[in-house]
Amino acid sequence: MKIRKAVIPAAGLGTRFLPATKSIPKEMIPIIDKPMIQYIVEECVGAGIEDIILITARGKDSIADHFDHSFEVEETLRRKKNEELLEMTERVSKMANIICVRQKNPMGLGHAVLTARQVVGDEPFAVLLGDDLIVSEVPCIKQCIDVFDERETSVIGVMKVPKKDVSKYGIVGGKKINEKLMKVSEMIEKPSPENAPSQLACPGRYVLTPEIFELIAETKPGRGGEIQLTDALARLAVQDGLYAYLFDGRRYDTGDKLGYIEATVAFALKRPDLAEGVRKILAEYMN
Ligand code: G1P
């Protein structure tokens with residue numbers, strides 16, 4: 001069954017980026033000139049998904065505005081015959097159907113995903129977390145969807161992390177099928193290095209069957225007193241099956257300040273209009 005819908009949780013307060021996030025949603029903070037959320041939506045569009053369900057909260061309306069037409073901007077660009085910028089601005093308004101659902105109480109990632117239940121309905125869907133930008137030839141979520149299509153079972157994208165970092169992520173354990181694929185039998189949210197079943201971490205790419213909703217609804221608050229998606233996934237693995245796929249690509253943790261700076265530099269170095277200038281600036285600072 002085709003994956004038509006993606007859920008992007010975007011209801012968090014963005015405390016790690018205060019004071020910037022006092023009045024700007026953290027998802028709207030740009031990497032160079034594009035808000036972070038746009039990279040995530042583009043990953044969905046690159047995987048053939050056009051219905052984007054944003055889980056938002058109070059004060060986050062500018063995210064939906066970003067994907068809507070901006071009459072003043074477009075009209076001004078049209079009058080000035082700035083075709084290039086006009087085309088780029090219009091493309092953003094047309095790229096996807098944005099559906100906003102409010103998470104009225106911040107009760108964790110599992111709860112945020114459950115908020116989308118009515119809109120997703122009874123079909124498999126993708127979940128992408130906005131703090132993780134993944135650069136790859138084939139969009140990361142598309143790689144996961146391809147495995148889902150082949151196996152007809154839920155799939156999460158994973159990457160190998162150093163042992164000392166396992167306590168930052170949901171970590172999977174299970175039986176290796178081949179170099180890229182694991183049949184998951186357990187999943188633990190932010191384990192200590194001693195308790196981690198592996199070093200395979202999920203940086204926020206999931207393709208899930210709708211059975212997950214009932215499992216989340218039954219999930220009691222876990223780590224940090226929050227309803228954890230990971231706890232529901234651990235049960236999904238046992239009940240319906242779950243695969244972990246070692247995706248190809250480079251991931252940037254833009255929820256972290258250093259990760260954000262790294263992404264900005266890396267993305268700038270890939271831009272033909274900026275690469276040379278950025279290289280010069282970096283060289284200056286290195287001396
Ligand atoms: C969330 C998830 C965790 C996942 C991580 C990826 O944690 O709960 O399983 O590995 O995102 O970024 P958070 O970083 O929101 O605490």
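Cross-link pairs exceeding 27 Å in C-alpha to C-alpha distance, out of Lys104/Lys175; Lys163/Lys257; Lys26/Lys270, comprise Lys104/Lys175. In units of the compact-protein estimate 2.2 N^0.38 Å, region 29-87 shows a Cα radius of gyration of 1.31.
Beta bridges from DSSP with both residues in region 1-119: antiparallel share about 15 percent, rounded to the nearest 5.
Cα extents for the chain along the principal axes, largest to smallest and rounded to whole angstrom: 59, 50, 38.
Ser185 sits among other residues whose Cβ lies under 13 Å from its own Cβ, and their net charge, with Lys and Arg +1 and Asp and Glu -1, is +2. In terms of its C-alpha gyration tensor, region 47-158 comes out oblate, because a/c is 1.5 or above while a/b does not outweigh b/c.
For region 1-53, the relative contact order is 50 percent, taking Cα pairs closer than 8 Å that sit 6 or more residues apart in sequence and dividing their mean separation by the residue count.
The residues neighbouring Lys176, those whose beta-carbon lies less than 13 Å from its own, together hold a net charge of +3 under the Lys/Arg +1, Asp/Glu -1 convention. Pick from Asp51, Asp256, Asp231: which residue has the top mean-square fluctuation in a GNM of the chain where Cα pairs under 10 Å get a spring? Highest fluctuation among the options: Asp256.
The Cα atoms of region 115-231 cover 39, 37, 27 Å along the three principal axes, with the biggest extent listed first.
Comparing Pro9, Val147, Ala20 along the charge dipole axis of the chain, the residue lying farthest to the positive side is Ala20, per the Cβ-charge model. The amide H of Lys190, built 1.01 Å from its N in the peptide plane, has Tyr169, Gly170, Ile171 as neighbours under 5 Å, considering only residues 5 or more places off or on other chains.
Dividing the radius of gyration of the alpha carbons in region 187-287 by their Kirkwood radius gives 1.15 for Rg/Rh. Within the shell defined by Cβ-Cβ distances under 13 Å, the residues around Lys2 carry a net charge of -3, with Lys and Arg each +1 and Asp and Glu each -1.
Within region 252-280, list the residues whose amide N lies under 16 Å from a label point set 7 Å along Cα→Cβ of Arg91. Those under the cut-off are 271-274. If you take the Cα centroid of region 185-210 and the Cα centroid of region 82-141, the two points sit 22 Å apart. Hey, what number do you get for the chain at 222 nm if only DSSP H runs of n ≥ 4 count, each worth -39500 (n - 2.57), divided across all residues, to the nearest 500? The helix-only estimate for the chain comes to -10500 deg cm²/dmol at 222 nm. Normalised by the number of residues in the chain, the average gap of Cα pairs under 8 Å and 6 or more apart makes the relative contact order 21 percent.
For region 116-272, the dipole from Cβ point charges (+1 on Lys and Arg, -1 on Asp and Glu) about the Cα centre works out to 640 debye, to the nearest 20. Under a model in which nothing but the beta-carbon of Lys, Arg (+1) and Asp, Glu (-1) is charged, the chain shows a dipole of about 700 debye around its Cα centre.
Values quoted throughout were computed directly from the atomic coordinates according to the rules given, and no laboratory measurement underlies them. Owing to the predicted nature of the structure, the values given are computational and were not obtained by experimental measurement. Cβ: placed from backbone, ideal geometry, glycine included. Neighbour counts: every protein chain shown.
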